[in-house]
1. What are the residues in region 11-37 that are buried (at least 24 other Cβ atoms within 10 Å of the Cβ) and over 14 Å from Arg224 (Cα atoms), if any?
2. So, Arg350, is that one closer than 16 Å to Ser92 by Cβ, surrounded by fewer than 21 Cβ atoms within 10 Å (Cβ to Cβ) and at pLDDT 95 or above or not?
3. Against the condition in contact with a Pro (Cβ under 7 Å, 6 or more places away or on another chain), of a type outside the set (Ser, Thr, Tyr) and outside the structural domain of Gly362 (by TED's automatic domain parsing), how does Leu255 come out, does it pass?
4. For Leu207, all conditions in the list (1) among the aliphatic types (A, V, I, L, M); (2) within 24 Å of Asp439 (Cα to Cα); (3) modelled with pLDDT of 95 or more hold save one; what is the number of the exception?
5. Scan region 48-67 and report the pairs whose first residue is closer than 23 Å to Asp295 by Cβ and whose second residue is assigned to a strand (DSSP E or B) and β-branched (Val, Ile, Thr), with Cβ atoms within less than 8 Å and a gap of 6+ or a chain change.
6. State all residues of region 179-218 that are farther than 17 Å from Leu79 by Cα, in a loop (DSSP other than H, G, I, E, B) and small (Gly, Ala, Ser); if no residue qualifies, say none.
7. Tally the residues that are part of a strand (DSSP E or B) and either over 18 Å from Ser257 (Cα atoms) or in contact with a Gly (Cβ under 6 Å, 6 or more places away or on another chain) (or both), restricting the search to region 219-231.
8. Any idea how many residues of region 189-214 are farther than 24 Å from Gly347 by Cβ and charged (D, E, K, R)?
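The values are calculated or read from the model by the stated rules, or taken from the named source; none is laboratory data. A quick note: this is a predicted structure, and the numbers were derived from the prediction, not measured. Don't worry about glycine lacking a Cβ; one is built from the backbone with ideal geometry, like all the others, and counts go over all protein chains shown.
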Amino acid sequence: MYDTIIIGAGMSGLSAGCRLAHYEKKVCILEKHSLVGGLNSFYRQRGRNHDVGLHAVTNYADKGVKRGPLNRLLRQLRLTWEELALVPQLGSKIQFPGVTLKFTNNFSFFEEQVAHFFPKEVDGLRKLVSKLVDYNQLGEVSEDVSAREVVSSCIKDPKLVEMIFCPLMFYGSARQQDMDFNQFSIMFRSIFLEGFARPWEGVRILLRTLLDRFRKAGGELRLRAGVKRLLMDTSRNVCGVVLEDGTELRAKTVLSSVGQRETLRLCEDSLEDKSIMDKCQPGELGFVETISVLDRQPKNFGHDDTIVFFNDSENFDYRKPDDFCDLRSGVICSPNNFAYREPLKEGIIRITTLANYERWNGLSPEDYARKKEEWYGKIMETASKVIPDFRSFMVDSDMFTPKTIYRFTGHENGAIYGAPVKNYSGLMPFKNLFVCGTDQGMVGIIGAIISGITVVNRYLLSNNS
């Protein structure tokens, strides 16, 4: 009998397990794949390690800063700042026709950029910042509050509005064309007020740190242990899980990090109110990402931006495309362009665009491979118009689609950011079942870790948090 079973060994599941194990709870994390990490993992191909998910860690804070999610993470998981080995970005930008706004981890620099290109909007930007929901107030503002309405009430220039939404949506919005103001506040703080960083070793060091801490505290991890369904007792309380191989495991509580709708499917037969499945609609937004390995550092061919968010028109159209991909906008990230003491061994360019899950999922294996090659070429052509053309320097490449995301996460429609309506409370229809992670409302690596900590503190460690 476990105190808690955690479904999914992503960032939120691992952090929740660490927090529980610190207080000597008997906890087991179940992961259906052979690697931990979930949306933020890595894989090895042709002798190279490739990150999945991680472009940059948001919510960065310098050593000694006492406020913000990163400081809370370190304190709650008993980690040192040095253990995460984060180094800040060199500088990123939002590129629209006729205007490019640069930003760093210093918000005053972004203010200066806005003052230069949109001199009438500086006061509006400051007014917007004053309205942001703080992290400890998430869920207190109704999810029906449109972020676009709030932003447009502060900032009158529609182009600046679109430029602000572009990076926030690409890095955290499960909704098409808009965000609820809670999510907007999370993303604005994490990107503009706090900023980007990355470990030299990429996501592996973060996973290794969490996993080592979990195991040293006595936690148990089972890989290749997918959950088939949840067990119920005679009082209709969750009392454990049945694995895909038929094994039954018992627990006092179950915490799921695999998504709210995905968790409900594990206990759908026990739901008294079946309409809850209809109310919990899956996300529609999927992405394609290409990975290009180069024989030189990006700065050596004139590219020194950390991340470029680009859009080719005045309006930013953030929705599921009709075609396989939408090349009108995207994200170009170079993991090389952080303030490392020593450079990465090879140059890397990662490009993300919106994609259509149904299109990719409906292909035969042969057509799927052919379409990947076709769209990889189209994405490279698009990128060559935004940053210096790097195609002649490529030595290796790979690409994943929404179909890949579905395969490794189980998220319906391959939706990276999960359901459009978040469950900030973490509560489920059964009193001893909870959710954490993307569908609980916190996104990004730091957000996912904080989500696991928050739900554990609120419901499973009420006397110790």
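1. Once the filter is applied, which keeps residues that are buried (at least 24 other Cβ atoms within 10 Å of the Cβ) and over 14 Å from Arg224 (Cα atoms), region 11-37 yields Met11, Ser12, Gly13, Leu14, Ser15, Ala16, Gly17, Cys18, Arg19, Leu20, Val27.
2. Details: closer than 16 Å to Ser92 by Cβ: yes; surrounded by fewer than 21 Cβ atoms within 10 Å (Cβ to Cβ): yes; at pLDDT 95 or above: yes.
It is true that Arg350 is closer than 16 Å to Ser92 by Cβ, surrounded by fewer than 21 Cβ atoms within 10 Å (Cβ to Cβ) and at pLDDT 95 or above.
3. Details: in contact with a Pro (Cβ under 7 Å, 6 or more places away or on another chain): no; of a type outside the set (Ser, Thr, Tyr): yes; outside the structural domain of Gly362 (by TED's automatic domain parsing): yes.
No; evaluated as a whole, the condition is false for this residue.
4. (3)
5. Final answer for the pair search is Arg48/Val293; His50/Ile291; His55/Ile307; His55/Val331; His55/Thr352.
6. Answer for region 179-218, where residues must be farther than 17 Å from Leu79 by Cα, in a loop (DSSP other than H, G, I, E, B) and small (Gly, Ala, Ser): Gly195, Gly202.
7. So in region 219-231, the residues part of a strand (DSSP E or B) come out as 220-222, 227-231.
Among the residues that remain, those that are also either over 18 Å from Ser257 (Cα atoms) or in contact with a Gly (Cβ under 6 Å, 6 or more places away or on another chain) (or both) are: 231.
The number of residues fulfilling the criteria is 1.
8. Number of matching residues: 5.
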